[in-house]
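The values are calculated or read from the model by the stated rules, or taken from the named source; none is laboratory data. Quick caveat, the model's predicted, so the values are computed rather than measured. Positions of Cβ are generated from backbone atoms using ideal geometry, with glycine treated the same way; all protein chains shown enter the neighbour counts. In case anyone asks, the SASA skips ligands and DNA or RNA and just uses the protein heavy atoms, side chains included. Shrake-Rupley method; radii C 1.70, N 1.55, O 1.52, S 1.80 Å.
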Amino acid sequence: MPPTATSLPRPPPTHWDLPDLVIVDGGKGQLSAAREVMQELGVHHIPAVGLAKRHEEIFVPDDDEPIILPRGSEALFLVQRIRDEAHRFAITFHRQVRGKSSIQSALDTIPGIGPKRKKALLKKFGSVKAIREADVDEIAATVGFTRALAERVKAEL
């Protein structure tokens, strides 16, 4: 019989409390990969299980057969809610990452153009298109710009 979470030694408390159980979204393969990483990190005392969505199977390390919770049971409902919340969190995070990258300006990739210079250019010209159409002298006349930096902006845009 495997040890229970209460019988395992717990490390001293840190800034972040560690979980009592890790539920991996996936079957045997994902569980195996997660446990390998946990071992590398020295996290031996936290039990981990895998939840495969297809049949709502719960995989336990060193056990070939999954645990099947009865349909309609409170335990199954809880595990499904945990998985759904993890999916919601991941989807929200990825949308935020994509959203930030999609609003990145062509100015953000030019060396020497930080937030202040970018703001000054956009305030003066109104858009990246207008900056592209401006001549080097107009860009150089912007607060915080030199002729060399204006030439770099023209070259990059």
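What the table shows:
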quantity	calculated
The listed residue being within 30 Å of Leu31 (Cβ to Cβ) and not small (Gly, Ala, Ser), out of Val143, Val79, Val128	Val79
Which numbered condition Ala130 misses (of (1) more than 30 Å from Ala155 (Cα to Cα); (2) out of contact with any strand residue (DSSP E or B) (no Cβ under 7 Å at 6 or more places or on another chain); (3) of a type outside the set (Lys, Arg); (4) not in a loop (DSSP other than H, G, I, E, B))	(1)
Residue that is at pLDDT below 90, over 26 Å from the mean Cα position of the chain (by Cα), under 24 Å from Ala33 (Cβ atoms) and not aromatic (Phe, Trp, Tyr), where the choices are His55, His94, His87	His55
Filter pass, Arg147 being open to solvent by 60 Å² or more (accessible area, probe 1.4 Å), farther than 30 Å from Glu57 by Cβ, of a type outside the set (Phe, Trp, Tyr) and in contact with a Leu (Cβ under 6 Å, 6 or more places away or on another chain)	no
Options Val43, Val79: the member that is open to solvent by 30 Å² or more (accessible area, probe 1.4 Å) and within 24 Å of the chain's Cα centre (by Cα)	Val43
Residue check, Leu31 in contact with a helix residue (DSSP H, G or I) (Cβ under 6 Å, 6 or more places away or on another chain), in a helix (DSSP H, G or I) and open to solvent by less than 30 Å² (accessible area, probe 1.4 Å)	no
Any hit, the stretch 89-98, residues being open to solvent by 80 Å² or more (accessible area, probe 1.4 Å) and part of a strand (DSSP E or B)	no
Top-ranked residue of the stretch 109-134 - restricted to ones that are of a type in the set (D, E, K, R) and open to solvent by 60 Å² or more (accessible area, probe 1.4 Å), ranked as farthest from the chain's Cα centre (by Cα)	Glu133
